[in-house]
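Remarks on the structure that follows.
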Amino acid sequence: MEKLETLFSGLDDKQDVNQFIVDEKGMVVFSSDPAMIGLKHSQVMSKLDNNNYYVVHHESNLSGWHFYSIVLRDKLLAEINQIRNVTSLLLLLLIVLGFLTAFFISGSISNPIRRLNGLMRKVEKGDFNVVAEHNSLDEVGHLARSFNRMTAEIKELIEQIKLEEKKKRSAELNALQNQINPHFIYNTLSVIKWMAQAQMADN
């Protein structure tokens, strides 16, 4: 017994594993649980619920003895279940992180486009004083810079058209005034003529 205890002493910390040896007569001659020594193999196995335990068996060719290791299923799978739970949690966190990353990335792309769309609607209503932000170097930033150039050119063209219209109106007024001046002089001379004839002022 002392030899067997020495042999199995390295398993003292394996409290979840029950080790026992059955001789060729089917009697338990050694066990990590002293209460099992002297029992028959059938008695030991009848106490076990095979659905809750794993049984590892080995028969020695030298002695004919049978070596058994009984491990509680829940204890054996505890670390696996823990790894599975941690893995599931990490997977869930990665999925959530992926969704958040996709949300922020899509927002960083779509938000500038929505702002640019709002500025375009203002331009449609005649407000050409809007300026789009163009801090980024991507396609959206390039589009914003093109938009700003377009609005600046449209604003400049409108100012030129207003100036040309103003010059055109001034020219039309000058032409009309030039047409009016001869008529005014003719009418003035006609009045002088008729007033002179009325006064008998031939000279």
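The values are calculated or read from the model by the stated rules, or taken from the named source; none is laboratory data. All figures in this text were calculated on a predicted structure; none of them were measured in a lab. Here Cβ is always computed from backbone atoms with ideal geometry, including for glycine, and neighbour counts include all displayed protein chains. These area figures cover heavy atoms from the full protein model, side chains too; ligands, DNA and RNA do not enter into them. Shrake-Rupley method; radii C 1.70, N 1.55, O 1.52, S 1.80 Å.
Take the residues in the range 134-150 that are of a type outside the set (G, A, S) and outside any helix (DSSP H, G or I), then tell me which one is surrounded by the most Cβ atoms within 10 Å (Cβ to Cβ).
Only one residue tops the list, namely H134.
For F20, state whether it is part of a strand (DSSP E or B) and either more than 48 Å from the chain's Cα centre (by Cα) or not basic (K, R) (or both). Against the criterion (part of a strand (DSSP E or B) and either more than 48 Å from the chain's Cα centre (by Cα) or not basic (K, R) (or both)), F20 qualifies. Here V131 fulfils each of the conditions (1) in a helix (DSSP H, G or I); (2) open to solvent by 80 Å² or more (accessible area, probe 1.4 Å); (3) closer than 23 Å to I154 by Cα; (4) not polar (S, T, N, Q) apart from (1).
Restricting attention to the range 94-109, the residues that are aliphatic (A, V, I, L, M) and over 24 Å from H142 (Cβ atoms) add up to 5. Picking from residues in the range 101-115 that are within 13 Å of the chain's Cα centre (by Cα) and open to solvent by 100 Å² or more (accessible area, probe 1.4 Å), the one that is nearest to A132 (Cα to Cα) is F104. Being under 18 Å from V71 (Cβ atoms), without any contact (Cβ under 8 Å) to a residue 24 or more places away in the chain and in a loop (DSSP other than H, G, I, E, B) is the filter here, so list the residues in the range 29-46 that pass it. The one that is under 18 Å from V71 (Cβ atoms), without any contact (Cβ under 8 Å) to a residue 24 or more places away in the chain and in a loop (DSSP other than H, G, I, E, B): D33. Pull out all pairs, ordered by first then second residue, where Cβ-Cβ is under 9 Å, the residues are six or more apart or on different chains, the first lies in the range 6-24 and is on the phi < 0 side of the Ramachandran plot, and the second is of a type outside the set (D, E, K, R) and at pLDDT below 60. The qualifying pairs are V17/L11; Q19/L11.
Counting only residues that are among the hydroxyl-bearing types (S, T, Y) and under 30 Å from R115 (Cβ atoms), how many does the range 147-203 have?
Within the range 147-203, the subset among the hydroxyl-bearing types (S, T, Y) is 151, 170, 186, 188, 190.
Narrowing the set further to residues that are under 30 Å from R115 (Cβ atoms) leaves 151.
Looking only at that region, the number is 1.
The residue list G118, G98 contains one member that is over 30 Å from D74 (Cα atoms), open to solvent by less than 70 Å² (accessible area, probe 1.4 Å) and at pLDDT 90 or above, which is G98. Listed by first and then second residue, the pairs linking a residue in the range 161-174 that is of a type in the set (K, R) to a residue that is part of a helix (DSSP H, G or I) and open to solvent by less than 100 Å² (accessible area, probe 1.4 Å), with Cβ atoms under 6 Å apart and 6 or more places separating them unless they lie on different chains, form an empty list. Might you let me know whether the range 49-59 holds any residue that is modelled with pLDDT under 80, open to solvent by less than 90 Å² (accessible area, probe 1.4 Å) and assigned to a helix (DSSP H, G or I)? Within the range 49-59 (the criterion being modelled with pLDDT under 80, open to solvent by less than 90 Å² (accessible area, probe 1.4 Å) and assigned to a helix (DSSP H, G or I)), the answer is no, since none of the residues qualifies.
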